[in-house]
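> Got a structure for you, written out below as structure tokens; questions coming shortly.
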Amino acid sequence: MNLKPVLEPLPSSLMPIINSPKTRVAPSCLGTSVFRCTHPIVVLESLTSVAPQMNNCWMVGMYQEVLGHFGLRQNPFALSPNSQSFCSTSGHDEALLQLVFGVETRQGLMVLTGEPGSGKTTILRYFLEWLQQKHGYSTAYIFYTLLTSEDLLRLILKDFGVPCEARSKGELLTALAGWLLQRHRLGDCPVILIDEAQALTTAALEEVRMLLNLEFAGANLVQIILAGQPLLEQKLHRRKLAELRQRMVCHSRLPLLTLEETAGYIVKRLAWAGSQEPSLFAPETVQEIFRCSNGNPRVINLICEHALISSYADRRNAVNLSDVTAIAQEFELGGATDSGQASSRSTFCRVIPFPQLDVTDSEAPPEEVAATVAVPPAEQEKHIPTAAAEANGNRAVPLPILGAPVSVLQPEAMISWLTSVASSLRSRVLSYSRSVSNSLARDVEQCLEWLNQPSGTPTGAGQLGGSVRKWLITPAGSQPMMSPQARVSSARQKRS
């Protein structure tokens, strides 16, 4: 069993990416361990080849600015597993070597257990890449395990790339057995990797045991790796699964990191991402991270990523101990939480601009929107002034006329343009009518308040105020403001 270069040169499918002018090749920073990459690590400067739909997102640019502040080319503490950022420790090396031994010697069943976030998925994906690069073995990686035994067989066949239209379970088993025998004769060693295996039902685990019975000339036709949380160990100790436990040749329990391994883990991840600053995390800060995370790699990544963002918000070049303490309180890590006080951190408010929404009339019912869109362009010019006059008490309202762009030639584009124009006009008309209504209401309220203050006013003014108040309260057209006798007497006084 030769384990010298664990990862062979990258496949030809990745060569166009490496030779691209947007791709930088950085020297490997993972040391000389037997399971570390022997080829340079490919670091993409842009996210175009990974997620084209995110390339124009302003959030991606902001996050790249945060990483660039610390001299990083990419996120060193991403929570999603990445085989390229695999950092080897004694526990991870031991687990990986057991998997290699089990597959190379055709042992049949290997089990990997560990706490959530301890690195099981990272090891599986690194091992999966090694199998494909080293030997070209056929692999089936199952990560969703809330399945029945029949669905598990279908998913295995599909991940192996075996076309099968079988409907019954017997036909599925026949198709899988025939394909495995064919691959064995071609020198292949198919491997099934099942992550989150603690969620498998007892019936599904029994199905796994039955697959181990597929042999030819004393050799197993398929190798199976079960990876899961400690609950998987408890399930394997059940009496119903005693036969499956007896078929287990290798069982590796992945430990958490020690303080020294935590410090090395942080340094290696930063170096892998391009950092040249060894004092980014001070020793006392690393010790606090270890205390809060208990050596769990996933929690370490969580704390370190938020600590970098907090340091960038303060425009600092290093992570302080207070950053880690605040993050631990916010996420209730290491017993440092205070449930009686809310978190006072405002990191993201100082880093991310507030996302503004377009001003729209949320109170307008959908029927009005549909009616506005349904009106033809020629009729819209007739209805818009009428609606504006009705909304503002039959008063003319000057509205801007929006011209249609030259590119609006297709019906779909015309409908889209009409929708945007109608929405803009409706919003402006309603906004203007509301402002006029509010202004008029305030004027009437002030007038009534003035009229209700008779003290210190002359008798004639008081009578006039009473008449005005009565006229304002009385509905229009029901009673004149002043009686005819009052108008006649006032005319005689003027002549005299």
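> Which one of these is more than 21 Å from Thr201 (Cβ to Cβ) and under 35 Å from the mean Cα position of the chain (by Cα): Ala263, Ala217?
Working: Ala217 fails: under 35 Å from the mean Cα position of the chain (by Cα).
After applying the criteria, what remains is Ala263.
> Continuing with the same structure: What residue, among those in the stretch 170-203 that are surrounded by fewer than 20 Cβ atoms within 10 Å (Cβ to Cβ) and β-branched (Val, Ile, Thr), is farthest from Ile142 (Cα to Cα)?
Ranking the candidates gives Thr174 first.
> Moving to a separate point now. When you look at Ser279, is it touching a residue at least 40 places away in the same chain (Cβ under 8 Å) and more than 30 Å from Ala175 (Cβ to Cβ), yes or no? Working first, answer last.
Values: touching a residue at least 40 places away in the same chain (Cβ under 8 Å): no; more than 30 Å from Ala175 (Cβ to Cβ): yes.
Answer is no for this residue.
> Still on this structure, I have one more. Could you grab the pairs with beta carbons closer than 6 Å, sequence gap of 6+ or different chains, first residue in the stretch 101-128 and of a type in the set (Phe, Trp, Tyr), second one outside any strand (DSSP E or B)?
Tyr126/Ser83; Tyr126/Phe86; Phe127/Leu99
> Any idea which residue in the stretch 194-236 is nearest to Trp179 (Cα to Cα), counting only those that are without any contact (Cβ under 8 Å) to a residue 60 or more places away in the chain and in contact with a His (Cβ under 8 Å, 6 or more places away or on another chain)?
Of everything passing the filter in the stretch 194-236, Leu221 is nearest to Trp179 (Cα to Cα).
Throughout, read-outs are computed from the coordinates displayed, never taken from laboratory work. Everything quoted here is computed from the prediction, not taken from an experiment. Don't worry about glycine lacking a Cβ; one is built from the backbone with ideal geometry, like all the others, and counts go over all protein chains shown.
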